[in-house]
Amino acid sequence: MSIITPTIRVQSADFDLQAELTALTADHKNIGAVVTFTGLCRDEQGALSALELEHYPGMAEAEMFRIGELAIERFSLIGLTAIHRFGKIMPGENIVLVIAAAPHRQAAFDGANFVMDFLKTSAPFWKKEHAADGQQGDWVAAKDADDTARDKWR
Amino acid sequence: MSVKLVYFAWVRERIGRPGEDLDLPASVVTVRDLLAHLTTLGEEYESALQFPDVIRVAINQEHAEHDEPIAGAREIGIFPPMTGG
């Protein structure tokens, strides 16, 4: 079991990257590398007015925590934060934040990459598109490429 | 056995409700049996679950394979492949 506990949040509000980074690194003097990943809502060249993010309350947090613990264990991370938003999100707004901290850069890069690959395929979130013309669009289809990206960690 | 079912995304939309408490016949043993049983409950279930292989299921908020038994489940989540991140 990892002694380091991931910081996991599922929220409708936006997050502040700098505040999260400061909170993660504040009490650790052995961090030599921090990788942050922020996922934003695209407008798909003007076709989309928003994304609606649905989640499974309770399981979303639990699954993100499980993924976070796996990453801490596997890459010997010193700190890990993962925040995922839900609700209506406009193009240009943040959707997801992952911060991985380690003594050296490779573990931090790999840790953040691993968490994102598993977040996309295992964390219970679903995106629905809202078209620019105001119509409610389709649910985003899962991509095989995301499964392939996850499977490279096996 | 009585179990709480919760539905998400287009599974929720097609079934037309976010979840329900259901009494299941004893013949329903695995996740696969549950999905097959639900499709007998009406057109809306059939439309949501017509391709069971793509449907994902969680037992007590943990991912479950289709051959897993559902005995002891308090809550079963049924939903499409995830598209977060």
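A few notes on this one:
- Within the protein assembly as shown: Cβ-based charge dipole about Cα centre, in debye rounded to nearest 20 (Lys, Arg +1; Asp, Glu -1): 680
- Probe 1.4 Å, all protein chains present, accessible-area order of A:128, A:120, A:29, A:88, largest first: A:29, A:88, A:120, A:128
- Considering only B:63, B:27, B:84, and ranking their Cα positions along the charge dipole of chain B that arises from unit charges at the beta-carbon of Lys, Arg, Asp and Glu, the one farthest toward the positive end is B:84.
- Residues in the stretch B:5-53 occluded by at least 40 Å² - accessible area, probe radius 1.4 Å, against chain by itself: B:8, B:9, B:13
- Solvent-accessible ranking of B:32, B:56, B:14, largest area first, probe 1.4 Å: B:32, B:14, B:56
- The Rg/Rh ratio for the stretch B:2-79, using Cα coordinates for both the radius of gyration and the Kirkwood hydrodynamic radius, is 0.91.
- Rounded to the nearest 10 Å², the accessible area of residue A:109 at probe 1.4 Å: 110
- Counting only protein heavy atoms and using a 1.4 Å probe, the accessible area of residue B:27 comes to about 90 Å².
- Surface accessible to a 1.4 Å probe, per residue, for the residues of the protein assembly as shown, Å²: 49
- Stokes-Einstein D (µm²/s) once Rh is taken as the Kirkwood radius of the stretch A:64-140 over alpha-carbon pairs, at 20 °C in 1.002 mPa s: 155
- Residues of the stretch A:109-139 that bury at least 50 Å² of accessible area once all protein chains are present, compared with their chain alone (1.4 Å probe, heavy atoms only, ligands and nucleic acids left out), are A:120, A:126, A:139.
- Dividing the convex hull volume of the alpha carbon atoms of the stretch A:1-146 by its residue count gives 112 Å³ per residue.
- Only helical runs count toward this figure. For chain B, summing -39,500 (n - 2.57) over DSSP H runs of n ≥ 4 and dividing by all residues gives -7000 deg cm²/dmol at 222 nm.
- Within chain A, helix-based [θ] at 222 nm, where runs of 4 or more DSSP H residues each add -39,500 (n - 2.57), nearest 500: -10500 deg cm²/dmol
- Charge dipole magnitude, Cβ of K and R +1, D and E -1 - the stretch B:2-79, Cα centre, debye nearest 20: 180
- Distance violations [Cα-Cα > 21 Å] among A:88/A:152; A:120/B:4; A:88/B:4; A:88/A:127; A:120/A:152: A:88/A:152; A:120/B:4; A:88/B:4
- Loop-located GluC sites (Glu not before Pro) across the stretch B:1-69 with a Cβ neighbour count of 14 or fewer within 10 Å are B:65, with loop assigned by DSSP.
- Selected from A:72, A:145, A:7, residue furthest toward positive end of dipole (chain A; charges at beta carbon): A:72
- The spacing between the stretch A:61-91 and the stretch A:94-115, judged by their C-alpha centroids, is 10 Å.
The values are calculated or read from the model by the stated rules, or taken from the named source; none is laboratory data. Just so it is clear, the model here is predicted, and its values are computed rather than measured. Positions of Cβ are generated from backbone atoms using ideal geometry, with glycine treated the same way; all protein chains shown enter the neighbour counts. Note: areas computed on protein heavy atoms with side chains; ligands, DNA, RNA excluded. Shrake-Rupley method; radii C 1.70, N 1.55, O 1.52, S 1.80 Å.
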